[in-house]
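Participant: A single structure is presented below for examination.
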Amino acid sequence: MQGDTGIASRANRAFNSNAAFVVTSDGVVVFDALGTPALGTALKAAIAKVTAQPIRIVIVSHFHADHFYGLQSLKEAGVQIWGHELGKEALGSPSTQERLEQRRRDLAPDVGPATRLIGADRWLEFDGRRELRFEHGRVRFRLIDVSGAHSPEDIMLWVDGDRVLLAGDLYFSGRIPFVGNADSRAWLAAMDVIAPLAPALVIPGHGKSSSNPQPDIALTREYLAFLREKMGAAVKELVPFDEAYAAVDWSRYRNVPAFEAANRINAYGTYLRMEQEALCQPAGGGR
């Protein structure tokens with residue numbers, strides 16, 4: 001299921017992210033659960049139109065609201081929810097609870113008092129490994145750890161036989177990515193994981209799937225690097241954020257969907273990130 005390119009709103013009923021599923025001989029493996037309980041129900045209905053097989057596993061790419069609020073409707077007997085072990089901290093954080101309250105205000109009735117935050121039944125422990133391999137219903141999968149990129153707990157799912165990559169929010173298709181306070185340096189490094197896989201199809205967390213994702217990957221890379229360059233220079237010169245933001249020529253990105261909603265937040269988060277990096281930099285400017 002493919003959501004709108006903009007941010008979650010009452011107009012799109014918070015349907016602005018993607019979810020995907022793989023039908024196996026022993027049930028369905030689902031990747032992400034969308035952003036409301038109603039969308040989780042719609043995802044179940046979409047699966048039922050394709051197969052009578054039951055849902056067995058739901059894998060959460062990361063615990064941002066637009067990717068896991070639908071778990072409430074998918075969680076039932078016989079369904080296991082998997083998530084990165086670092087998601088435990090994210091799920092219990094004050095910011096996650098604050099986001100739920102914000103969405104209850106702004107996205108009612110699709111997110112309301114009855115909306116609950118559901119965690120994983122199996123917290124995935126990578127223990128320094130890049131991948132966890134598993135087989136389900138004669139289909140081979142790889143869970144790829146890219147934690148610390150878009151969120152502290154990012155994972156991607158690779159479907160071996162079909163060479164399909166379910167990328168989560170490692171890159172955004174057809175819109176400005178939401179960066180917030182993400183570690184953009186780690187995010188840029190994590191994107192190097194995609195090319196060696198040579199996927200036949202990539203399904204991002206937002207936007208269209210593609211057999212040629214390179215232009216969208218390039219846009220995400222370019223945008224992250226641009227934020228780091230401009231906000232990093234401002235931090236180095238001790239320019240206050242508002243002044244620095246106003247001085248940047250944003251014309252390259254202004255007409256890309258979600259710019260107005262996300263760009264200032266992204267720039268401010270990157271400004272703070274660059275301050276943190278400057279404080280952690282060893283004497284002499286080395287890395």
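The values are calculated or read from the model by the stated rules, or taken from the named source; none is laboratory data. The structure presented is a predicted model; accordingly, all values stated were derived computationally and were not measured. Here the Cβ is made from the backbone with ideal geometry for all residues, glycine too, and neighbour counts use every protein chain on show. Note: accessible area is taken over every heavy atom of the protein model, side chains too, but ligands, DNA and RNA are not part of it. Shrake-Rupley method; radii C 1.70, N 1.55, O 1.52, S 1.80 Å.
Participant: Just to be sure before I move on: is A108 at pLDDT 95 or above and more than 15 Å from the chain's Cα centre (by Cα) in the structure I sent?
Facilitator: Considered against the rule, which asks whether it is at pLDDT 95 or above and more than 15 Å from the chain's Cα centre (by Cα), A108 comes out as yes.
So that you can scan it fast, the table gives a plain yes or no per residue for (1) outside any helix (DSSP H, G or I); (2) small (G, A, S); (3) open to solvent by 20 Å² or more (accessible area, probe 1.4 Å); (4) without any contact (Cβ under 8 Å) to a residue 60 or more places away in the chain:
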{"residue": "R185", "(1), (2), (3), (4)": "no, no, yes, no"}
{"residue": "A195", "(1), (2), (3), (4)": "no, yes, yes, yes"}
{"residue": "P199", "(1), (2), (3), (4)": "yes, no, yes, yes"}
{"residue": "N212", "(1), (2), (3), (4)": "yes, no, yes, yes"}
{"residue": "R221", "(1), (2), (3), (4)": "no, no, yes, yes"}
{"residue": "A225", "(1), (2), (3), (4)": "no, yes, yes, yes"}
{"residue": "R228", "(1), (2), (3), (4)": "no, no, yes, yes"}
{"residue": "L238", "(1), (2), (3), (4)": "yes, no, yes, yes"}
{"residue": "D249", "(1), (2), (3), (4)": "yes, no, yes, yes"}
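Participant: What residue, of V256, V235, is within 21 Å of W187 (Cα to Cα), hydrophobic (A, V, I, L, M, F, W, C) and in contact with a helix residue (DSSP H, G or I) (Cβ under 7 Å, 6 or more places away or on another chain)?
Facilitator: V235
Participant: So which of R140, R99, R105 is open to solvent by 90 Å² or more (accessible area, probe 1.4 Å), of a type outside the set (V, I, T) and in contact with a strand residue (DSSP E or B) (Cβ under 8 Å, 6 or more places away or on another chain)?
Facilitator: Sole residue among the options that is open to solvent by 90 Å² or more (accessible area, probe 1.4 Å), of a type outside the set (V, I, T) and in contact with a strand residue (DSSP E or B) (Cβ under 8 Å, 6 or more places away or on another chain): R140.
Participant: Looking at region 230-287, which of its residues are modelled with pLDDT of 95 or more, hydrophobic (A, V, I, L, M, F, W, C) and farther than 27 Å from H206 by Cα?
Facilitator: The answer is A233, A234, V235, L238, V239, F241, A244, A246, A247.
Participant: For region 89-107, which positions are in contact (Cβ under 8 Å) with a residue 12 or more places away in the chain and farther than 28 Å from W123 by Cβ?
Facilitator: D106
Participant: Restricting to region 54-94, and then to whatever is open to solvent by 50 Å² or more (accessible area, probe 1.4 Å) and in a helix (DSSP H, G or I), can you tell me which residue is nearest to I144 (Cα to Cα)?
Facilitator: Per the stated criteria, the residue is K88.
Participant: Filter region 108-137 down to the residues that are hydrophobic (A, V, I, L, M, F, W, C), farther than 20 Å from I155 by Cα and open to solvent by less than 60 Å² (accessible area, probe 1.4 Å) and list them by number.
Facilitator: Hits for region 108-137 are A108, V111.
Participant: A further question on this structure: Any residue that is assigned to a loop (DSSP other than H, G, I, E, B) and over 26 Å from T41 (Cα atoms) - is there at least one of those in region 95-118?
Facilitator: No - not one qualifying residue is present in region 95-118.
Participant: Quick check: is even one residue across region 14-21 open to solvent by 20 Å² or more (accessible area, probe 1.4 Å) and either of a type outside the set (A, V, I, L, M, F, W, C) or touching a His at 6+ places or on another chain (Cβ under 8 Å) (or both)?
Facilitator: No, region 14-21 contains no residue that is open to solvent by 20 Å² or more (accessible area, probe 1.4 Å) and either of a type outside the set (A, V, I, L, M, F, W, C) or touching a His at 6+ places or on another chain (Cβ under 8 Å) (or both).
Participant: Please enumerate the residues belonging to region 29-53 that are within 26 Å of R10 (Cα to Cα), of a type in the set (A, V, I, L, M, F, W, C) and surrounded by fewer than 16 Cβ atoms within 10 Å (Cβ to Cβ).
Facilitator: Within region 29-53, A45, A46 qualify.
Participant: Hey, any hits in region 259-277 for a residue that's open to solvent by 70 Å² or more (accessible area, probe 1.4 Å), touching a residue at least 40 places away in the same chain (Cβ under 8 Å) and either among the small types (G, A, S) or under 23 Å from D4 (Cα atoms) (or both)?
Facilitator: yes
Participant: With respect to G137, is the statement that it is farther than 24 Å from L86 by Cβ, more than 13 Å from the chain's Cα centre (by Cα) and at pLDDT below 95 true?
Facilitator: Answer is no for this residue.
Participant: Residues in region 160-172 that are in a loop (DSSP other than H, G, I, E, B) and open to solvent by 10 Å² or more (accessible area, probe 1.4 Å): how many?
Facilitator: 4
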